[in-house]
Amino acid sequence: MTAKLGIIGGSGLYDIPGLTDAAWQMVETPWGATSDAFLCGVLGEMEVVFVPRHGRGHKHSPTTVPYRANIDALKRLGVTDVVSISACGSFREELAPGDFVLVDQFIDRTFAREKTFFGTGCVAHVSVAHPTCPRLSGAVTQAAEAAGITLHQGGTYLAMEGPQFSTVAESRMYKSWGCDVIGMTNMPEAKLAREAELCYASVAMVTDYDSWHPGHETVDISTIIATLQGNTAQAKALVAGLPAAIPRRLTPCPDGCDRALDHAIMTAPDARDPSILARLDAIAGRIL
């Protein structure tokens, strides 16, 4: 088998230039409609599938993004590796607007989203102790270096519900927790990617210092959009370099991302709901 790269584009990233044989394709899922059609093509010598997380024109808020449908569709299209790109605020002076952070941990403070493909009728518990894939993150690092992008290694991403930005008190609290960046979209996306046995890496593009910073207490969308314009150009350069950094031949993930369900399903076979199993055909077909 060969690796197939999925790109989830965040605010400001709504297409991928340089794709050959490119076409937008709709994908039906048992979890409802996806954010948008999927842009499928070839970048370098690698098949690539791109979906704008918020939809072209930015139609979906962080809460209404159809995370389950998006991940299910990527799986149905044969994607093996997913790189998530999103905008974020920074809790650290050295993580400056315009810098990128390679996230490796999350604190999930969202509360209004469906966070699993499993449930009554088929219960499963996957480990997200280490929610990103080190091998894929290494490929991101290689591509960033080739593009001359400032990429900070490792960071904890605080996922908030939104759509409002933080109060000063909230921002100071999250900073005191040891969080590095804050955003609204990487959860439950990372958890769902793990349930789908996909290798997942997260690139957070810093747009602002959130509201803890003495000189930056008011986060406004005009400032963020101005920084996003520069970040988007860098994100496209990073994506362009990913195929050269990811081996084309698909081998087992050293960290077991592609086998996350091996011991996760708790419901006995004779107690599993057939209607739930039918919805899991792409996500858990390997194990079921």
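The values are calculated or read from the model by the stated rules, or taken from the named source; none is laboratory data. In this text the structure is predicted, and so the values were computed from the model without any measurement. Using ideal geometry, Cβ is built from the backbone for each residue, glycine included, and neighbour counts are taken over all protein chains shown.
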Subject >> Residue that is modelled with the lowest pLDDT [pool: residues in segment 9-52 that are touching a Pro at 6+ places or on another chain (Cβ under 9 Å) and among the aromatic types (Phe, Trp, Tyr)] >> reply: TYR14
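Condition check ((1) farther than 16 Å from PHE91 by Cβ; (2) not in a helix (DSSP H, G or I)) across all residues:
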{"position": "MET205", "(1), (2)": "no, yes"}
{"position": "TRP212", "(1), (2)": "no, yes"}
{"position": "SER222", "(1), (2)": "yes, no"}
{"position": "ALA226", "(1), (2)": "yes, no"}
{"position": "ASN231", "(1), (2)": "yes, no"}
{"position": "GLY241", "(1), (2)": "yes, no"}
{"position": "ALA244", "(1), (2)": "yes, no"}
{"position": "LEU261", "(1), (2)": "yes, yes"}
Original post:
Mind checking which residues of segment 1-29 are surrounded by fewer than 17 Cβ atoms within 10 Å (Cβ to Cβ) and within 23 Å of ARG279 (Cβ to Cβ)?
Top reply: GLN25, MET26, GLU28
Original post:
What pairs can you find where one residue is in segment 241-262 and crowded, with 19+ Cβ neighbours inside 10 Å and at pLDDT below 95, the other is among the β-branched types (Val, Ile, Thr) and assigned to a loop (DSSP other than H, G, I, E, B), and their Cβ atoms are less than 8 Å apart, with a gap of 6+ or different chains?
Top reply: none
**OP:** Of the conditions (1) over 16 Å from ASP210 (Cα atoms); (2) modelled with pLDDT under 95, ASN70 clears all except one; give me its number.
**Re:** (2)
Subject >> Qualifying positions in segment 4-40 - under 20 Å from ASP81 (Cα atoms) and among the polar types (S, T, N, Q) >> reply: THR20, GLN25, THR29, THR34, SER35
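The rows are residues; the columns are (1) of a type in the set (A, V, I, L, M); (2) touching a Ser or Thr at 6+ places or on another chain (Cβ under 9 Å); (3) crowded, with 24+ Cβ neighbours inside 10 Å; (4) in contact (Cβ under 8 Å) with a residue 60 or more places away in the chain.
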| residue | (1), (2), (3), (4) |
| --- | --- |
| GLU170 | no, yes, no, no |
| LYS175 | no, no, no, yes |
| VAL181 | yes, yes, yes, yes |
| MET184 | yes, yes, yes, yes |
| LYS191 | no, yes, no, yes |
| GLU195 | no, yes, yes, yes |
| THR207 | no, yes, yes, yes |
**OP:** Might you check whether a residue that is crowded, with 21+ Cβ neighbours inside 10 Å, touching an Asp or Glu at 6+ places or on another chain (Cβ under 9 Å), part of a loop (DSSP other than H, G, I, E, B) and touching a residue at least 24 places away in the same chain (Cβ under 8 Å) occurs anywhere in segment 133-144?
**Re:** yes
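Tell me which strands (runs of 3 or more DSSP E) are completely within segment 64-126 and hold 3 or more residues being within 30 Å of ALA278 (Cα to Cα) and under 14 Å from the mean Cα position of the chain (by Cα), or say none if there are none. Give the derivation first.
Numbers: elements: 81-90, 100-103, 105-108.
Ranges flagged: 81-90.
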Subject >> Any pair with Cβ under 6 angstrom, 6 or more apart, that starts in segment 65-81 at a residue that is under 16 Å from ARG286 (Cβ atoms) and touching a residue at least 12 places away in the same chain (Cβ under 8 Å) and ends at one that is buried (at least 24 other Cβ atoms within 10 Å of the Cβ) and not hydrophobic (A, V, I, L, M, F, W, C) >> reply: LEU74/GLY6; VAL79/GLY6
**OP:** Please work out if SER211 is of a type in the set (S, T, N, Q) and surrounded by 14 or more Cβ atoms within 10 Å (Cβ to Cβ).
**Re:** yes
